[in-house]
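Down below is the structure, laid out as C-alpha cells.
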Amino acid sequence: MPNLLNGQPYNPQEVENRIYQIWEKSGYFNPDKLPQRHKKSFTIIMPPPNANGSLHIGHAVFVALQDIIIRYQRMKGKKTLWLPGADHAGFETQVVFDKKLEKEGRSRFQIPRAELYKEMLEFTLANKKIMEGQLKKLGASCDWSREKFTLDGNIVKIVYRTFEKLKKDELLYKGKRIVNWCPKHQTSLSELEIKYIEKTDPLYYIKYGPLELATVRPETKFGDTAVAVNPKDKRYQQYVGQEIEIETVLGQAKIKVIADEHVDMNFGTGAIKVTPAHDPDDFEIWQRHKNEIPEPKQVIDKYGKMNALAGPYQGLKVKEAREKIVQDMIQKKLLDPAKTDPNYKHNVATCYKCGTTIEPMILDHQWFIKMTMRPKNGRLSLRDLAVKAVKSGKVKFATKRFEKIFFHWMKNLKDWNISRQIPWGIKIPDSGTEDVFDTWFSSAQWPFASLMANKKNDFKKFYPTDVMETGWDILFFWVARMIIMGLYATAQPPFRYVYLHGLVRDKERQKMSKSRGNVIDPLGIIDIYGADALRMALVVGNAPGNDPIIYEEKIRGYRNFANKIWQASRFVLMNTEDFKLKTKPKLNQRDKKRLRELNRFKKEITKLMETFKFHKASEKLYHYFWHVFADKIIEENKPRLRHENKKEKIAAQYLLLETLKITLKMLHPFMPFVTEAVWQNIKNRDSKLLIVEKWPE
RNA sequence: GCGCCCUUAGCUCAAUGGUAGAGCGUUGCAUUCACAUUGCAAAGGCUGUUGGUUCGAUCCCAACAGGGCGCACCA
C-alpha cells in the first residue's frame, strides 16, 4: 500500500487495483464469509449487463448506486449479497452481432444455425470476461463466487419449469397469430419492441364495386377477405351480409360485407377493407367473424415483398408495389386521384432497433402469455398479481412518479408474444419450431432464478431481495415483468424496493451515443481520474429518476476531492503519530461543539442513506469533509498541535483523528478506494479493513 | 386521445407553508505552513405567467405558456 506520508498527490492508478485485490482476498464480498456481527441478510441482484460489448457510462451509474447501497448495508452489519451476472441479451445481442457480421461482409442468414450459435456464444463469453474486469475496476463489491449467466444450464431449467407451470395454469397459448414482424431482423417483436413514428403518406380512395373506401395500403388488397362497415351506419346497411361484385386490377371478384363495431363511421368513407394477414386490427375483426369470412390470405412475404397472390406485382417491395398498383388502378378508374389526400398523417410501427417498418404477419407456433386472464385455478391474473403487490406496498418505488407510470402501463397491458425467430437465445421447448424465447421472458425470472440456481439455500436465505436498482428505461421491459413473474413463480415479490436511475446525458442533455460522438468511456475516465471520482460525479446531484448529466469538469472536481481526502488525511496522520488511544483528552467548548456538530451530521447522513437519497448524502459529505473538516476544523487546530501545553495538543489530535475516521467511514460507500487506502495508513484503526467497519451512528 | 413529469443563480441540480442552497463557472486577493488537484473573499435569484387558498406560497390548488416523456391509435 502506498505510504500516504510520502507527500505525493493521490494516485488512483497506484492504489485501486491493489485495494480491490485486498477486498477480494478478504472474502467480505461473500455474505457467508462476513464476520459474526453480520446477521440479517440484505440482497441486491445486479441487473446483468448485456454481454455484447464493453461497459458504458450507464453501467457505471448502476455500479455506483448499487455498490453504495451494498457497502452501506454491509457496514451496518447486514449479511450482504450483491449477486453479479451477465445477460446473453437475446435480440439485443443478435442486432449487435448482425452488425459485426455485416462489417465482415457476412450475413447470419448464410451461416448454419448451429455454427452461428457457437460463434455467438464465444463472442458473448469473451465480452462477459471483459465486463467482469470492468466491474472490478469500478469497485463493485459483488460476490463473484455466485456469478450467473443467463444461459447457464440450471437457469434454463428454471425458465423451462416456469414455462411448464404457465402451460398447466392455462396462461399460455400457442397458435397461428399475427405478430409484429421486422423484415430486416427476420423475427417477431413484442409490443414493447416496436416504436410508432409519425409519417405522412397518401390516403387513397379506392372503388370496391358499389362502395368506396379509404386506405394507405392499396397493395394489400390482394389479401382482403372482407369489407367492414359499422353496424349502425345507415349508408351501408343494405350491403351487410351480402357479397358484392368488385372489379380489381386482376379481374372480377366477390367479397363479403360485414358489420363490426370497430369501424369508425366518421373516418374516410366509413367502410374499410379487411386484411387479416397484414393488419392486427383486421386480424381481430377476422377473429370476431370467423364463420362469415374466408381464412386470411398472406400476400407479403417475410422480406417485405409481394408474393404470388399479388400476380404481376410479385417480387416487388411493398412500397414499389404500392406505387405501381396505384397507377394501374387510376388507369382502370378504380382509384380517383382527385380524392387522394397526399398529406395524411398516421403512426407507423417500426422496429425499435433498426427503424424498419414493421410488417404485421401471421406466424404459426407463436407462444403468447395471457397477461389479463385468470389462471386455471387461480383468482388473479398475472397483471392483477403485480398491481396488487404494488398497491399494497409489498413492492415500493423510490419515486412515486414511476408507480403512477407503472399502473398506467398495467392498465393497457396486452398479451405477450414470447416467440422469437432469431437463433440466439433459449430454445422454446416445442418440437414444432426452432424459435427461442424473448430474452425478457427469462430475464423476468432472474431474481429468483439466479438465487435458485446458486448455492444451496441461497433462495431461502436471500429471497425476496431488498432492492432492485436499474434504469427507468426498462421499467416495462424488465421491472414490471420481474414483479409479475416473481410473484407468479414464487408467490413472493422478487424485491421490496425499486430504485430507478435515469439515462446519462451530456451537458447539452443529449443522450450519449457513438454516432453523436459524445460518449464518455468509463474505463478511460478511470485511467485518468480514478474510479472514486467517476462514481462521485455520477452520484452527486443525481436524484432518482432524473437523467444524470456528466461532463469532464465535474469528474475532475471529484478527482480533486479524492486528493483533498488524501492530503488532509496525511496532515492528520502526520500530526497524530504519537497519539495514544487510551489517553483521555480534555476537550474545550469548541471541541465539544465540533463533536456535537459531527454527531448531528452522522444522523443526517444516515437518514439520507436510509431513504435512498444518495445524491444528497454524497453532496453533504463532500461539503463537510472539505469545507468544515479541512477548511475549518483542521485550520482551527493547527496552532494547538504545536502548542507547548500537551493537553491542548492531545485534545486537538483526538478531535482530528476522531473526525477523520468517522468521515472516512461515511465516505467509504461513495469513494471506496481512496478511503480504504487512507484507512490502511491509520495505525490504530479499529478493523483492518474499512469495508467491514461499523457504520457510525 | 389518455396519462406522467419538468420550468429556481451563467450551467447542472437541491431545498422548504415563514421572501432560497450546493457544485461547476466567473471576478479579486493570497500562497516557503498537508494539499495549486490549494486557501480567503466577492458578484450573481421579484423560484415560467396569471389567478386562488392562507396571517404568510417558490412550496398547496386552478388555468395558461414553454419543454420532456410514457401509453394508445383506426383503414
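The values are calculated or read from the model by the stated rules, or taken from the named source; none is laboratory data. Quantities reported herein were computed from a predicted structural model and do not represent experimental measurements. Positions of Cβ are backbone-derived with ideal geometry, glycine not excepted, and every protein chain shown enters the neighbour counts. These area figures cover heavy atoms from the full protein model, side chains too; ligands, DNA and RNA do not enter into them. Shrake-Rupley method; radii C 1.70, N 1.55, O 1.52, S 1.80 Å.
If you line up the long axis of helix A:382-391 against the longest principal axis of chain A, both from Cα atoms, how many degrees apart are they, to the nearest 10? The angle comes out near 40 degrees.
When nucleic acids and ligands are ignored and a 1.4 Å probe is applied, residue A:124 ends up with an accessible area of around 0 Å². Taking every DSSP bridge with both residues inside chain A, close to 70 percent are antiparallel.
Taking K and R as +1 and D and E as -1, what net charge do the other residues with C-beta under 10 Å from the C-beta of residue A:180 add up to?
Its environment carries a net charge of -3.
Each residue of the range A:194-207 was assigned a 3J(HN,Hα) from its phi angle through the Karplus curve 6.51 cos²θ - 1.76 cosθ + 1.60 (θ = phi - 60°); the sequence is 10, 10, 8, 10, 6, 10, 10, 9, x, 9, 9, 10, 10, 8 Hz, with glycine and proline shown as x. Dividing the summed -39500 (n - 2.57) terms of all DSSP H runs of n ≥ 4 by the residue count of chain A sets its mean residue ellipticity at 222 nm at -12000 deg cm²/dmol. Remark: spin-label model distance residue A:688-residue A:303 equals 6.7 nm, labels positioned 7 Å along the Cα→Cβ axis. Between the C-alpha center of the range A:21-67 and that of the range A:572-626 there is a gap of 27 Å. Mean sequence separation of contacting Cα pairs (under 8 Å, at least six apart), scaled by the length of chain A, corresponds to a relative contact order of 17 percent.
Rounded to the nearest 10 degrees, the angle from helix A:12-26 to the longest Cα principal axis of chain A is 90 degrees. Extension gain for the segment residue A:118 to residue A:243, taken as residue separation times 0.36 nm less the Cα-Cα distance, is 39.5 nm to one decimal.
Please list A:339, A:33 from largest to smallest accessible area, probe radius 1.4 Å, with all protein chains kept in place. Can you show the working numbers first?
On the way: A:339 95, A:33 125 Å².
The ordering from most to least exposed comes out as A:33, A:339.
Projected label points at residue A:262 and residue A:13, each 7 Å from Cα along the beta carbon direction, are separated by 6.4 nanometres. Look at the alpha carbon pairs under 8 Å that are at least 6 residues apart: their mean separation over the length of the range A:443-555 gives a relative contact order of 25 percent. When the trypsin sites (Lys or Arg not before Pro) in the range A:610-686 are filtered for DSSP coil states and for at most 16 other beta-carbon atoms within 10 Å of their beta-carbon, the remaining sites are A:642, A:683, A:685.
Assuming R0 = 60 Å, what is the FRET efficiency of residue A:339 and residue A:496, from their Cβ-Cβ distance, to the nearest 0.05?
Efficiency computed from Cβ-Cβ geometry: 0.50.
Each part reduced to its alpha carbon centroid, the range A:630-694 and the range A:78-136 end up 46 Å apart. Rounded to the nearest 0.05, the FRET efficiency derived from the C-beta distance between residue A:319 and residue A:21 at R0 = 60 Å is 0.50. Remark: accessible surface ordering of A:559, A:420 (largest first) is A:559, A:420, probe radius 1.4 Å. Paramagnetic label reach from residue A:373 (point 7 Å along Cα→Cβ; backbone nitrogen cut-off under 19 Å): within the range A:281-311, residues A:281, A:283-291. Could you list the residues of the range A:484-500 with an amide nitrogen less than 11 Å from a label point located 7 Å from the Cα of residue A:396 in the Cα-to-C-beta direction? What the label zone holds, given the 11 Å backbone N cut-off, is A:496-498. Principal-axis analysis of the Cα atoms of chain A puts helix A:318-331 at an angle of about 30° to the longest axis.
Find out how many positive minus negative residues lie around residue A:489, taking Lys and Arg as positive, Asp and Glu as negative, among other residues whose Cβ is under 9 Å from that of residue A:489. Net local charge, residue A:489 excluded: +2. Amide H contacts under 5 Å for residue A:148: A:85, A:86, restricted to partners 5 or more places along the chain or on a different chain, H placed in the peptide plane at 1.01 Å from N. Rounded, prolate or oblate: which one fits the range A:199-310, using the alpha carbon gyration tensor with axes a ≥ b ≥ c (rounded when a/c is under 1.5, else prolate when a/b beats b/c, else oblate)? Taking the square roots of the gyration eigenvalues as a ≥ b ≥ c, the range A:199-310 is rounded.
Is the shape of the range A:417-459 best called rounded, prolate or oblate, per the rule: a/c under 1.5 gives rounded, else a/b larger than b/c gives prolate, else oblate, with a ≥ b ≥ c the square roots of the Cα gyration tensor eigenvalues? Judged from the Cα gyration tensor, the range A:417-459 comes out prolate (a/c at least 1.5, a/b above b/c). Summarising the amide proton neighbourhood of residue A:226: residues at separation of 5 or more, or on other chains, whose placed amide H is nearer than 5 Å comprise A:274. For A:125, A:500, the ranking by accessible surface with the largest value first comes to A:125, A:500, using a 1.4 Å probe.
Cα-Cα pairs above 42 Å in chain A: how many percent?
Working: 99360 of 242556 pairs.
That tail contains 41 percent of the Cα-Cα pairs.
Shown here for the range A:538-622: chymotrypsin sites (Phe, Trp or Tyr not before Pro) in loop regions (DSSP other than H, G, I, E, B) with at most 15 other Cβ atoms within 10 Å, namely A:551. Between amide H atoms placed 1.01 Å from N, distances below 5 Å from residue A:28 occur with no residue 5 or more places distant or on a separate chain.
In order along the range A:428-438, phi translates into HN-Hα couplings of 6, x, 7, 5, x, 8, 9, 4, 10, 6, 3 Hz, rounded to whole numbers, per the Karplus curve 6.51 cos²θ - 1.76 cosθ + 1.60 with θ = phi - 60° and x for Gly and Pro.
Only lysines eight or more places from residue A:554 in sequence, or on another chain, were considered; those with a Cα closer than 17 Å are A:507, A:564, A:616, A:620. Taking the simple approach of a point 7 Å from Cα along Cα-to-Cβ for both residue A:168 and residue A:36, what is their distance in nm? For the pair residue A:168/residue A:36, the computed spacing is 4.5 nm.
Give, as a single signed number, the net charge of other residues whose beta carbon lies under 12 Å from the beta carbon of residue A:350, with Lys and Arg counted +1 and Asp and Glu -1. Here the charged neighbours net out to +1.
Multiply the residue gap between residue A:110 and residue A:252 by 0.36 nm, knock off their C-alpha separation, and tell me the result in nm, one decimal place.
Working: separation 142, 0.36 × 142 = 51.12 nm, distance 4.19 nm.
The residue A:110-residue A:252 span can extend by a further 46.9 nm.
Quick check: the distance between the Cα centres of the range A:247-266 and the range A:399-475, to the nearest angstrom? Centre-to-centre (Cα) distance: 42 Å. By definition, a body whose alpha carbon gyration tensor gives a ≥ b ≥ c is oblate when a/c is 1.5 or more and a/b is not larger than b/c, and the range A:60-184 fits this oblate description.
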